[in-house]
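Here the structure is laid out as structure tokens; the discussion comes afterwards.
The values are calculated or read from the model by the stated rules, or taken from the named source; none is laboratory data. All figures in this text were calculated on a predicted structure; none of them were measured in a lab. Here Cβ is always computed from backbone atoms with ideal geometry, including for glycine, and neighbour counts include all displayed protein chains. Surface areas here come from the heavy atoms of the whole protein model, side chains and all, with no ligands, DNA or RNA. Shrake-Rupley method; radii C 1.70, N 1.55, O 1.52, S 1.80 Å.
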Amino acid sequence: MPFEGELIVQELDDTSWLLVAPLVYEGNSELFNLDPGFVTDFASVPRCLVWLVPRYGVYSKSAVLHDYLCGRRDISRADADGLFRRSMRELGVAFVRRWMMWAGVRGASKLAGAGAGEVLLWLAVAIPSLIFVLVPGLLIIAWLFFFWLVELLWFVLLKPVSTKPVPQPRLWMKT
């Protein structure tokens, strides 16, 4: 198995996790050592898409590796994204899910370092993926907005009379 070690983390806040035990990934020609103390957010998934791709899952080690690789100056973003997809394959992530996740990270990197062939490959994955998630994604965004309005109404009603702290609802908070 290309990964050595268990993924052991400690929660820092709503979106950040601290690596507690070392995690090692063996690439084709390089060994990547993720030392304890490294901070990750697992998979950076927009809130309206966590129904399809939760922030953590069978691909969690790959997501942590990707965060680590993106922070290194000696590794291009294209290589980091490629290792992300490859490591997900090695972990047994389903074909469509790993390619959609790869398209997401490549899109987020604005296709940094991509040649014409990779742009065409990205389009071949990204366009069907977008079509697949567009309708449910928009519906979820609408309902998240509606839920935020309900929370905001209760916040406005409870804030003046509550003896306990009442946190203000955030519309686009990460999950």
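Condition check ((1) within 30 Å of PHE147 (Cα to Cα); (2) of a type outside the set (Ser, Thr, Tyr)) across all residues:
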position	(1), (2)
TRP51	yes, yes
TYR56	yes, no
SER60	yes, no
HIS66	no, yes
LEU69	no, yes
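Within region 1-109, which strands (runs of 3 or more DSSP E) (wholly inside it) include 3 or more residues that are open to solvent by 40 Å² or more (accessible area, probe 1.4 Å)?
Numbers: elements: 9-11, 17-19, 23-26, 31-34.
Hits in region 1-109: 9-11.
Return the pair list, or none, for Cβ contacts closer than 7 Å from residues in region 7-23 that are free of Cβ contacts under 8 Å to residues at least 12 places away in the same chain to residues that are in a loop (DSSP other than H, G, I, E, B), at least 6 apart or on different chains.
Short answer, once both residue conditions are applied: GLN10/VAL20.
Of VAL150, VAL125, which residue is over 30 Å from LEU31 (Cβ atoms) and open to solvent by less than 90 Å² (accessible area, probe 1.4 Å)?
VAL150
A quick yes/no check of all residues on (1) among the aromatic types (Phe, Trp, Tyr); (2) surrounded by 12 or more Cβ atoms within 10 Å (Cβ to Cβ); (3) outside any helix (DSSP H, G or I):
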| site | (1), (2), (3) |
| --- | --- |
| ILE131 | no, no, no |
| PRO136 | no, yes, no |
| ALA142 | no, no, no |
| THR163 | no, no, yes |
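If a residue must be among the basic types (Lys, Arg) and closer than 12 Å to ALA112 by Cα, how many such residues does region 68-89 contain?
Final tally of qualifying residues: 1.
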